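The values are calculated or read from the model by the stated rules, or taken from the named source; none is laboratory data. Given the structure is predicted, the values throughout are model-derived calculations rather than measurements. Every residue, glycine among them, receives a Cβ derived from its backbone with ideal geometry; neighbour counts consider all protein chains shown.
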Amino acid sequence: MDPKTSLPKCVLINWQGEGAPLGRKGTCANHFRDVANFFTGAHVTLNARNEEEVDTQLIIEKVAKSTGSAYSFKERGDQENETGPVGTTYKRVIPRQEINSKERDKFWEKEEQEEKQRQAEERKRKEEERNMLENERKQRELREAAVREERIKERTKNISHLREAERNAEERMKESSRGDETEEREREREEWRTRSDILRRQRSQEAQAVISKRTIDARAVFEQNTSAGQLYHLRRSSLNQQSLNGSQSLSPSAAHARKGSLPMWPPVSSNETSQQVINNWQERHTGESQMRILSHPVETETK
């Protein structure tokens, strides 16, 4: 019995004798929690090893300590049954006396006016919100249109710059190609001029060599036709004949006949000198070289 609450309490005692083996004590201690859970109605759990630990007074003290309240459920307070007259404030409600029709009409009229005012304010507020949203939308569209226009202008500007750069590059390429073609033509013309000059010099040298040879041959023939030359040749021929065959020397008539039978080389007229022949030959070959030089660039241009 709980001394504080005067209620019965259940006590679970774990009895372990002093002479019990230690192994059994350990096994019992391990299973004591399961046994306590099995007996759910126990309010206090105690561990005892001898008779002194299970004394009634000690158990009552431990049960008293386990109780938190000190209320006695057996003791009842004295109830006061004082009764008196019962009063009330209830009054009968008469609608005609309690509610005034004029006041009621004024009330409902006021409520109606307030409702109309509220609805007007609500419409005005919604209209303002709609106008504000419309203005914001217009402003946003204007900003977006300005941004798009700016982007389009920037893109058009970039495209125009790129096209201008491409045109400039093409023009530079064309100019460079034209310049290269012009330089190539000039170089070819210069080469042809150089070649023509070289050919002209070679032909002039050849002509001079031929004319000088003709002049030497003509001089030798002329010397042979002179009296001194005839005497020299007659002397040499007589010496040769004497040395080889011991032949006789030519008579003057035979020498004259031999002189008449010799050909004249080169066949130059009396009024034409060797220098005039050289000049005529150079002019003829110079004209041919110039015609070749002029005809060659025309052919390259047509190709």
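Of note:
- When Arg167, Arg185, Arg195 are checked against the criterion of being in contact with an Asp or Glu (Cβ under 8 Å, 6 or more places away or on another chain) and modelled with pLDDT of 75 or more, Arg185 stands alone in meeting it.
- Count of residues meeting criterion [in contact (Cβ under 8 Å) with a residue 12 or more places away in the chain and loosely packed, with under 13 Cβ neighbours inside 10 Å] in the range 34-61: 4
- The residues of the range 98-116 that are of a type outside the set (Lys, Arg) and modelled with pLDDT of 90 or more, listed by number, are Glu109, Glu111, Glu112, Gln113, Glu114, Glu115.
- For the range 16-33, the candidate set comprises residues that are under 22 Å from Lys62 (Cα atoms) and of a type outside the set (S, T, N, Q); within that set, the residue that is surrounded by the most Cβ atoms within 10 Å (Cβ to Cβ) is Phe32.
- Within the range 171-198, residues that are in contact (Cβ under 8 Å) with a residue 40 or more places away in the chain have Cβ atoms under 6 Å from residues that are in a helix (DSSP H, G or I) in these pairs: Arg189/Pro297; Trp192/Ile293; Trp192/His296; Ser196/Ser289; Ser196/Ile293, counting only partners at least 6 apart in sequence or on another chain.
- Test: residue in the range 30-41 that is polar (S, T, N, Q), over 24 Å from Thr67 (Cβ atoms) and not in a helix (DSSP H, G or I): no
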